[in-house]
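As structure tokens, the structure follows; a few thoughts come after it.
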Amino acid sequence: MSEAPLLQARDLHKTYRMGRLDVPVLRGADFTMRKGEWVAILGSSGSGKSTLMHLLGLLDEPDRGRGGVWFEGQPVAGLRGGARNHYRNRSVGFVFQFYHLLPELTVLENAMLPCRVAGAGRAAAGHVRSLLTAFGLDHRLHHRPRELSGGERQRVAIARALANEPRVLLADEPTGNLDARTGGEILDMITGLHRQGLSIAMVTHDPAVAARADRVVQLVDGRVADR
Amino acid sequence: MYAIQLANRYLTSRIIPLIAVGAVALCVALVVIVVSVMSGFLDMLKSSGRTLMGDVVINYPVRGMPWYDELVRAIEAEPAAQAATPLVDTYGLLRMPYPQGAEKEVVTANVWGIDPASFERVTDYSRTLHWRPPADQAEADAMGPDDPRRKLSPRIVADGLALRRGDTGEPGLVMGLHVSIVNERQRDGSYRSRYGWFMPDHRVTLTLVPISAKGTVAEPREQVFPVVNEFRSAVYQIDKNRVMIPLAEAQRMLRLDEGTLHDMEAPPNADGSQPVLGRSPARVHRVLVRARPGVTPDQLREAVETAYARFEQACAADPSKLVKPPLREMVSILTWEQHLRDLIGPVEKEREMMRILFSIVYLVCAGLVLSIFWAIVQEKSRDIGILRSIGASRGGVLWIFLQYGLVIGLVGGVVGIGLGWLVITNINAIHQAIGERAPLWSWTACFAASTIALLMTVRQGLRGVLLPTLLWLVGAITLGLAGAGLMAHRGTLIWDPAVYYFSTIPDRVDWVTAGITWLGAVVFSVLGASVPAAKAADIDPVRALRHE
Ligand SMILES: Nc1ncnc2c1ncn2[C@@H]1O[C@H](COP(=O)(O)OP(=O)(O)OP(=O)(O)O)[C@@H](O)[C@H]1O
Ligand SMILES: [Mg+2]
């Protein structure tokens, strides 16, 4: 073994409680991603893809006592408070299917938000602007999200995810809400970022999308299987 | 940083916070107005206390205290006392010069016989004299053409101070501004003569009833006095009732003046009269005492009690004084606050009521902010989930909403104080306006606005949008009702000076209370915001982002 994987999950369990009923979604899922790798996660609807992504991004906690998540060889699943926020803010960037931009903020302000949360305002502005420019949004900087098309919104969301230059981009069906052409444009963008060295974990339904990735895994019965 | 930005955006991008600001402002304004008026009352009462009766009053009604000159001297020898003055206090009938014809109006009056020079030292009596000629041409020009002050004789203040007409030397009478019915208060606070009567141009007849040593009523005595000035203590009850005449006149009319003392037990002289024992001294009912600066009324009262004891002993030991002063137990020695208990008590009670109102208003503020923020947090939970998912801390989210509450408290407080200030400084004019019929323009304007709103209702209704239609309709109805109310308004006297003691409403903002209220509004807005803020901080990002 030369180097620890960039992001790794071992034996993840996640059970939701529905009233009195326990619904197990992940049952010992393993996931490994090396530095610079693009991994696509396939799976039928309700198989737990989003759940896995949330656990990798520390947005949620796995069931206690078993398994965990490692980032650059360090266990992170149990992080609390400031360290957990720091991981969400710096180590990973999250992209959602439904963009999730703040309607009261402009495009630039939305993309800047992680920098502001990190306490770096002005310093990061140049970097974020150049990201938005690279994504073809330079004429939209001061518009509100509701004035943008779906593709434009998703590009803003990706710029936001990359604002703090994270090591990993976690994308949960980034093209799921877009038509084929717009989705293709977004995929081209992501491919470009991957070429520049970004590590990507991406959830998708679409085998054609998955085909662009270095490696494809499938979530079946709460476990990850290689394909 | 992002917290400030977001709080700012959430504040400026919607209407609800404006409603919260308005509600907080109204609460603050309410408290500021009511408390300022109440504090103004108490201040007026306290400052008028001196004007009315000095700091401490020695009271021995009806029969009066003899040797009061010596008592005054004994009191003034006390370092705590600044000055003391003797006073005769009785009731009498006052026959007015009006109306025209033989049937004149008669009123009852509380009559004070005063020694003007020492009375002035104790009570600042001169400040209450109402009629003064204009100080200079500018002041004269500012007065209305029918203002009686324009043609006052320059003598009038000196006459009022001396209770004597300077030209003829006649003893004069000074009466409270509302004893007669002829003085009519104007909007600007000045007074005009009603029916063309001006009291200092006239004479009144005063009738007093002396009480004999046995406590029976003797032959009433009447005397005509020229009115030399009028006074305004600002306490309506007093301005309506009290007249003042020189001490000597009052004593003479009440047979409290110096006389000879006859031995009623000895056999009569050859001419039928009783043998003379000696001198019977003049008497007064009260001695008013003013404290030296820095001496509290209670300290002064103790000093006066000592002085009275000393005076009583000295008189008892003096064989030349056949008539002895009343025993200490028979004499009441009270501070003016104790003396005017029935005047001050209700105001203090009302202020206590205010304190209760205070806390309720704060709770209203907090509740308002709480419910409004609760709704906002509910609506913004997705945003909060996003923030948490990109690494915002719980503290950061909490801070957004606390700041939000802080700003609403701060701004609402400032607006409220401004509003309160506006109302307070114009409170007498507002009251005056409420007391009169609403002017024509006010209700025509309301009706015009109502008509426009009605047209807008129809227009929006035709366009088929419900909310604006409804809002315009509500506006039209409100304006129409306001117009109808104004049109029907016949003038109501809300502030009855007879009930509230003072003839004007205090119109100065109590800045200390305003400051405290503002702080309270801020604290309670933040407290109100803290509950939804804590809820926001507890939002689980995954849950908040799950469904679209
Ligand atoms: N908070 C929750 N409470 C109860 N059940 C949940 C909760 N979140 C997810 N689930 C259930 O867990 C299962 C997996 O959900 P998840 O969103 O991870 O699926 P997914 O693979 O992302 O599906 P999709 O492709 O439709 O997005 C689903 O059956 C879902 O109903
Ligand atoms: Mg999903």
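The values are calculated or read from the model by the stated rules, or taken from the named source; none is laboratory data. Since the structure is predicted, the reported quantities are computational estimates derived from the model, not experimental observations. Note that each Cβ is placed from the backbone with ideal geometry, even for glycine, and that neighbours are counted across all protein chains shown. Heads up: the accessible areas ignore ligands, DNA and RNA and are worked out on the full protein's heavy atoms, side chains in. Shrake-Rupley method; radii C 1.70, N 1.55, O 1.52, S 1.80 Å.
Couple of notes before you dig in:
- Within segment A:177-219, if we keep just the residues that are within 16 Å of ligand 2 (Cβ to nearest atom) and in a strand (DSSP E or B), the residue that is surrounded by the most Cβ atoms within 10 Å (Cβ to Cβ) turns out to be A:MET202.
- Taking segment A:12-29 as the range and being within 24 Å of the chain's Cα centre (by Cα), within 10 Å of ligand 1 (Cβ to nearest atom) and either more than 14 Å from every other protein chain (Cβ to nearest Cβ) or not aromatic (Phe, Trp, Tyr) (or both) as the test, the residues that pass are A:LYS14, A:THR15, A:PRO24, A:VAL25, A:LEU26.
- Look at (1) open to solvent by 40 Å² or more (accessible area, probe 1.4 Å); (2) not in a loop (DSSP other than H, G, I, E, B) and you find that B:VAL62 fails only one, number (2).
- Condition check for A:ALA120: facing chain B (nearest Cβ under 10 Å), farther than 26 Å from A:SER44 by Cα, surrounded by fewer than 22 Cβ atoms within 10 Å (Cβ to Cβ) and modelled with pLDDT under 85: yes
- Among (1) touching a helix residue (DSSP H, G or I) at 6+ places or on another chain (Cβ under 6 Å); (2) among the polar types (S, T, N, Q); (3) away from every other protein chain (no Cβ under 14 Å), the one test that A:ASN164 misses: (3)
- Residues in segment B:36-59 that are touching a helix residue (DSSP H, G or I) at 6+ places or on another chain (Cβ under 7 Å) and open to solvent by 30 Å² or more (accessible area, probe 1.4 Å): B:ARG50 alone.
- Test: residue in segment B:271-293 that is within 23 Å of B:VAL157 (Cβ to Cβ) and touching a residue at least 60 places away in the same chain (Cβ under 8 Å): yes
- The single condition among (1) more than 9 Å from every other protein chain (Cβ to nearest Cβ); (2) under 18 Å from the mean Cα position of the chain (by Cα) that A:LEU79 does not meet is (2).
- B:LEU398 vs. criteria more than 19 Å from A:ARG84 (Cβ to Cβ), modelled with pLDDT of 85 or more, out of contact with any strand residue (DSSP E or B) (no Cβ under 6 Å at 6 or more places or on another chain) and surrounded by fewer than 24 Cβ atoms within 10 Å (Cβ to Cβ): no
- Among the residues of segment B:361-398, those identified as of a type in the set (A, V, I, L, M, F, W, C) and within 14 Å of another protein chain (Cβ to nearest Cβ) are B:ILE376, B:ILE384, B:ILE386, B:LEU387, B:ILE390, B:ALA392, B:VAL397, B:LEU398.
- Residue in segment A:85-96 that is assigned to a loop (DSSP other than H, G, I, E, B), within 15 Å of B:LEU545 (Cβ to Cβ) and at the interface with chain B (Cβ under 9 Å from one of its Cβ atoms) present: yes
- Residues in segment B:1-30 that are within 13 Å of chain A (Cβ to nearest Cβ), small (Gly, Ala, Ser) and touching a residue at least 60 places away in the same chain (Cβ under 8 Å): B:ALA3, B:ALA7.
- Subset of segment A:15-53 [within 16 Å of ligand 2 (Cβ to nearest atom) and open to solvent by 20 Å² or more (accessible area, probe 1.4 Å)]: A:TYR16, A:VAL23, A:VAL25, A:SER44, A:SER45, A:GLY46, A:SER50
- Filter result for A:PRO166 (open to solvent by less than 70 Å² (accessible area, probe 1.4 Å), within 16 Å of ligand 2 (Cβ to nearest atom) and either part of a loop (DSSP other than H, G, I, E, B) or closer than 20 Å to A:GLY57 by Cβ (or both)): no
- Looking across segment B:93-110, the residues that are open to solvent by 10 Å² or more (accessible area, probe 1.4 Å) and in a strand (DSSP E or B) come down to B:LEU93, B:ARG95, B:VAL106, B:VAL107, B:THR108, B:ASN110.
- Each residue in segment A:133-151 was checked for being touching a Lys or Arg at 6+ places or on another chain (Cβ under 8 Å), closer than 12 Å to A:MET189 by Cβ and either within 13 Å of chain B (Cβ to nearest Cβ) or touching a residue at least 24 places away in the same chain (Cβ under 8 Å) (or both), and 2 pass.
- Hey, A:GLY57 within 14 Å of chain B (Cβ to nearest Cβ) and either aliphatic (A, V, I, L, M) or away from ligand 1 (no atom under 16 Å from the Cβ) (or both) or not: no
- The residue of segment B:518-548 that is farthest from B:PHE373 (Cα to Cα), among those that are open to solvent by 30 Å² or more (accessible area, probe 1.4 Å) and among the small types (Gly, Ala, Ser), is B:ALA534.
- Among the residues making up segment A:30-54, those that are in a loop (DSSP other than H, G, I, E, B) and near ligand 1 (Cβ under 9 Å from one of its atoms) are A:SER44, A:SER45, A:GLY46, A:SER47, A:GLY48.
- Matching entry among B:GLY416, B:GLY409 (being crowded, with 20+ Cβ neighbours inside 10 Å, under 27 Å from the mean Cα position of the chain (by Cα), within 27 Å of B:VAL364 (Cα to Cα) and of a type outside the set (Ser, Thr, Tyr)): B:GLY416
- Residue pairs meeting the criteria (Cβ under 6 Å; at least 6 apart or on separate chains; first free of Cβ contacts under 8 Å to residues at least 12 places away in the same chain, in segment A:44-67; second outside any helix (DSSP H, G or I)): A:HIS54/A:ASP60
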